[in-house]
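Notes follow the structure.
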Amino acid sequence: MTIRTTDGVHWRSLGVQHLMRLSFVDATHGFALERDDFVMRTTDGGATWTPIGGPSRLQSICFSTANTGWVARNGTIWTTHDAGTHWRRKLLLRAPDGNPPLPELSCHGRDVWAMITTGAAAGSQAYAVYRSRNAGATWRAVYRQFLLNGGPRISAIAALGGGDTVLEGSCAACRGYPTVTIIHGAIRKTFSDVLPGPIAFEDPLHGLLALPSPRTGLPSVWRTVDGGRRWTRVLTSSGLKP
């Protein structure tokens, strides 16, 4: 189910069941991956959606404007600057035999981040994080380690632009139960007894975070208005389950 909010507190269903990944650039213009992996577009706030073509079998999507965006499959990123009419392909990480990488994208303005997870070793999931500061024209590897300065494994990234970003880290069995830690510069906030989930920031202060319970699987949405120092739970709903 797809649900919508304009203030992070009040939510309503759009009645759309088949959208797997969403990326909105303003209140009316958005892009999504359909359950058959096609790129879809809306210009009316999600009331109606139309396919725009492009690469297939996609796993992640992020648009920073109504024209500029990125999609990914395995270790490959595609960039468009005309709302999906044309795409430029870039291979960041070649897929190992029998163990294809899984990409996650986050973008803001001309900044775009790609986190690509690969195989597990010693009980940890390996990953490589790439960043482009020029709208996908060139990329460089930022992190290639299991841990970030001794912190938890990176699970998700929220790009804020200008090189700023929020990192979501997770630990499967820290202190006997799973934890999720949000890192934003010097800010570190840890949630206990939760599993990692999607994170999104509108600007350096305002963000949303969805964290499922490992006991019930029921996801809760948390909201911050101070860059991640304090979080308030604003929604818990079975409608958020995958």
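Output the residues belonging to the range 63-77 that are part of a strand (DSSP E or B) and closer than 19 Å to Ala141 by Cα. Those that are part of a strand (DSSP E or B) and closer than 19 Å to Ala141 by Cα: Trp70, Val71, Ala72, Arg73, Thr76, Ile77. Within the range 25-47, residues that are without any contact (Cβ under 8 Å) to a residue 40 or more places away in the chain and surrounded by 15 or more Cβ atoms within 10 Å (Cβ to Cβ) reach partners that are assigned to a loop (DSSP other than H, G, I, E, B) and charged (D, E, K, R) with beta carbons closer than 7 Å, at six or more positions or on different chains, in the pairs Asp37/Arg57.
Looking at this structure, is His184 at pLDDT 90 or above, of a type outside the set (Gly, Ala, Ser) and within 15 Å of the chain's Cα centre (by Cα)? Please lay out each step first, then the result.
On the way: at pLDDT 90 or above: yes; of a type outside the set (Gly, Ala, Ser): yes; within 15 Å of the chain's Cα centre (by Cα): no.
When the stated conditions are applied, His184 does not pass them.
For Ser192, the stated conditions do not hold, so it cannot be described as of a type in the set (Ser, Thr, Tyr), within 15 Å of Trp222 (Cβ to Cβ) and at pLDDT below 90.
Selection within the range 78-131: residues that are assigned to a strand (DSSP E or B), modelled with pLDDT of 90 or more and more than 15 Å from the chain's Cα centre (by Cα). The member of this set that is nearest to Ala172 (Cα to Cα) is Leu91.
Only residues that are modelled with pLDDT under 75, among the charged types (D, E, K, R) and not in a strand (DSSP E or B) were counted across the range 1-40, and they come to 4.
The residues listed here are Gly151, Gly197; of these, the one that is surrounded by fewer than 21 Cβ atoms within 10 Å (Cβ to Cβ), out of contact with any Pro (no Cβ under 7 Å at 6 or more places or on another chain), in a loop (DSSP other than H, G, I, E, B) and modelled with pLDDT under 95 is Gly151. From the list Val166, Val221, the one residue that fits, being outside any loop (DSSP other than H, G, I, E, B), touching a Gly at 6+ places or on another chain (Cβ under 7 Å) and of a type in the set (Val, Ile, Thr), is Val166.
The values are calculated or read from the model by the stated rules, or taken from the named source; none is laboratory data. These numbers were taken from a predicted model, which means no experiment stands behind them. Please note: Cβ atoms are built from the backbone with ideal geometry, for glycine as well, and neighbour counts cover all protein chains shown.
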